[in-house]
Amino acid sequence: GGGGGAAMAEDEGLVSVDYEVSGKVQGVFFRKYTQGEAKRLGLVGWVQNTSHGTVQGQIQGPAARVQELQEWLRKIGSPQSRISRAEFSNEKKIKVLEHKEFQILK
């Protein structure tokens, strides 16, 4: 990194977004892979299984990185998963990260 002009300033803001992924996403290490991908991108937040067979959570970090994880949740996921859809909600700009790391919640 380093440098970068005013054009990049837009992407530097922190955002928070909630997500829910439907499909074959439980019992396929989806949470573990999501956590790994989030850590690779330097994001914080959480992920958990829901009682109705989906995976949900929250992502926080630089807007551009959050977008990368959203794309990953939409199209890739864990190797054995089959994503039918990923929904994102409550997207907002934040001043500071509300989580210290990216956790898997029970």
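The values are calculated or read from the model by the stated rules, or taken from the named source; none is laboratory data. Note that the coordinates shown come from a computational prediction; the quantities given were computed from them, not determined experimentally. FYI the Cβ positions are ideal-geometry reconstructions off the backbone, even for glycines, and counts take in every protein chain you see. SASA here: full protein model, heavy atoms, side chains in, ligands and nucleic acids out. Shrake-Rupley method; radii C 1.70, N 1.55, O 1.52, S 1.80 Å.
Worth a mention:
- Condition check for SER51: in a loop (DSSP other than H, G, I, E, B) and free of Cβ contacts under 8 Å to residues at least 40 places away in the same chain: yes
- Within the stretch 70-106, being in contact with a Lys or Arg (Cβ under 9 Å, 6 or more places away or on another chain) and assigned to a helix (DSSP H, G or I) holds for one residue alone: ARG74.
- Applying the condition of being under 9 Å from the mean Cα position of the chain (by Cα), of a type outside the set (A, V, I, L, M, F, W, C) and closer than 14 Å to LEU105 by Cβ to the stretch 27-82 and asking which residue is surrounded by the fewest Cβ atoms within 10 Å (Cβ to Cβ) yields GLN58.
- Selection of the stretch 19-36 for residues being part of a helix (DSSP H, G or I) and over 13 Å from ARG74 (Cα atoms) yields ARG31, LYS32, TYR33, GLN35, GLY36.
- Residue list for the stretch 83-95, restricted to those being farther than 27 Å from LYS24 by Cβ, modelled with pLDDT of 95 or more and open to solvent by 40 Å² or more (accessible area, probe 1.4 Å): LYS92, LYS93
Residue by residue, here is whether (1) within 11 Å of VAL15 (Cα to Cα); (2) aliphatic (A, V, I, L, M) holds:
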| site | (1), (2) |
| --- | --- |
| GLY42 | no, no |
| VAL47 | no, yes |
| GLN67 | yes, no |
| GLU71 | no, no |
| ARG85 | no, no |
| PHE88 | no, no |
| LYS95 | yes, no |
| GLU98 | yes, no |
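- Selected residue (only one of LYS75, LYS106, LYS39 is charged (D, E, K, R), out of contact with any Phe, Trp or Tyr (no Cβ under 9 Å at 6 or more places or on another chain) and in contact (Cβ under 8 Å) with a residue 24 or more places away in the chain): LYS106
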